[in-house]
Each structure stands twice: as C-alpha cells, then as structure tokens.
Amino acid sequence: MHNIKYLLTFVFVIGLLILCMRAVDDATRITSIEIIGNTQKDLYGLQAYNGRSILFTSENEIASHLLRQNVWWSAVTVQKKYPNRLAVFVIMTIPTAYLFQDKRYFLLSESGRVLQKEASKSYSLPTIKYYETISSLLQGVGEIIDLKDITKSLMLIRGVRNIGLSPDSVDINSRDMVALQIGSKQIEFSIEKAGEIQLYQLERIVRQFKIEGKTYKRIDLRFDRPIVEF
C-alpha cells in the first residue's frame, strides 16, 4: 500500500515538473524582436529567431549572424529582454565611395565591403578608378575588397572630408599613388607613407592657405616635404 502511495506521489511530482518546464518553455519562446537604430534597408535573418527559446539563445551568436546577413549594418548588439523579447541595436554603414569596374559601379563602405552593385550611381559619392581589372574580387554583395591601395583610398576620402574637402573622384594610378580630384584641384597621396601624417600635413597647408587667402592647383604629399603647385 505504501509503495503505491510513493509511486503515485512520484508520478504526480514528475508530471508537475513536466508541466512547469513546459510552461517555462512556452513563456520564454521569443515572440518579439525590437530593432533600435536607423534602419533604412530591408532586414534579413530576424525570422530565424522567432519562436526560439531565449534561454538557449546566444546574444553574440545572433549578432554575428545578423551582421553577416545584413551588409548595410556596421555593428550589431543584441540584448535579451526576459521573458521573451530581444532588443537589437543597429549601427548602419555609411557608404564611402564607388569603385568603377567592368562597366558597373560597386558601392563600398569605409572597410571596403561591397554594399550594392549599380549600373549608374544613385549616391553623390566619389568614384574610385583603379589601374587594374579586379572583377574576380567582386563576386557578390557583402564581399570585402582587401587590397591595400583601395583600403587606403577609402581612409583618405574620410580624412579629407573631415578637413572640409569633398573629393569628386579618386584615381589609383599605380601601386604607390592615389590622386584625389576636388574640383579643379588635385591632391596626391602615397600608399606607403602613413595616411595620418599626410592628412595632418594637408590640414596644415589648407588651413594656412585659407588664412592667407591663397589657392592651389596641386598638392603632392608623397614625400617628406609636401610639394605645392599654384
């Protein structure tokens, strides 16, 4: 008789535990994903997490997955909001320039990631003209162009903008020269020389000329002492 009571009690406790576990599982299934940030593009990969258990979902894993799926996102942070919500904080990529190759325009981020391909430009951004054909490196959207001279050019574009200059086009004529065209003016940079040093020299020259009311046609920053042509 006692054995039957113990057995019934055991079965009751196990059943109660199962019901509690199911209730917790149902209550912690992700039902809402909140996107926080300026998202102006279509979002991909979020649907994969609807209905998943928040208890067994890694925030870092979700962030890495979403970053791979959305080429326009430069940074993603995910936070769990118990019992069943996710908050996704997004920083959008700012396009930096176009690379013209194979009769197409490849929109690039500052890191060299291909954001989209276009037959004609939809953004008012400078166009990089490269001295070699690199179509083999431009297989798809999301690819990162890991070439030193292109990466350096993208950094220099951002740098001259911070100085207050707006480049119209960028010519990479050789392995050691990048020429930025700004209206009728040209600024030449070295690929090998530190970009920070060249930008510092440029800023000093531009500031001094502004004070003195001078204008220039060409500045060559490739050497220890910049060359200015009036």
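Summary of computed values
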read-out	value
Tally, over the stretch 139-169, of residues that are assigned to a loop (DSSP other than H, G, I, E, B), in contact with a strand residue (DSSP E or B) (Cβ under 6 Å, 6 or more places away or on another chain) and over 18 Å from TYR200 (Cβ atoms)	3
Hey, ASP224 more than 27 Å from SER124 (Cα to Cα) and surrounded by fewer than 17 Cβ atoms within 10 Å (Cβ to Cβ) or not	yes
So ILE150, is it among the aliphatic types (A, V, I, L, M) and under 16 Å from the mean Cα position of the chain (by Cα)	yes
Residue match in the stretch 2-25 (condition: modelled with pLDDT under 90 and surrounded by 15 or more Cβ atoms within 10 Å (Cβ to Cβ))	no
Test: residue in the stretch 41-62 that is surrounded by fewer than 16 Cβ atoms within 10 Å (Cβ to Cβ), in contact (Cβ under 8 Å) with a residue 40 or more places away in the chain and of a type in the set (S, T, N, Q)	no
Unmet criterion (only one of (1) in contact (Cβ under 8 Å) with a residue 24 or more places away in the chain; (2) surrounded by fewer than 18 Cβ atoms within 10 Å (Cβ to Cβ)) for SER136	(1)
Filter result for ILE128 (touching a strand residue (DSSP E or B) at 6+ places or on another chain (Cβ under 6 Å) and either surrounded by 16 or more Cβ atoms within 10 Å (Cβ to Cβ) or within 20 Å of ASP171 (Cβ to Cβ) (or both))	yes
Count of the stretch 22-68 residues which are of a type outside the set (A, V, I, L, M, F, W, C) and assigned to a helix (DSSP H, G or I)	11
Members of the stretch 91-110 found to be over 13 Å from THR127 (Cα atoms) and touching a helix residue (DSSP H, G or I) at 6+ places or on another chain (Cβ under 8 Å), listed by number	ASP102, GLU110
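The values are calculated or read from the model by the stated rules, or taken from the named source; none is laboratory data. From a predicted model like this one, the values you see are computed outputs, not experimental measurements. Ideal geometry is used to build each Cβ from the backbone, glycine not excepted, and the neighbour counts take in all protein chains shown.
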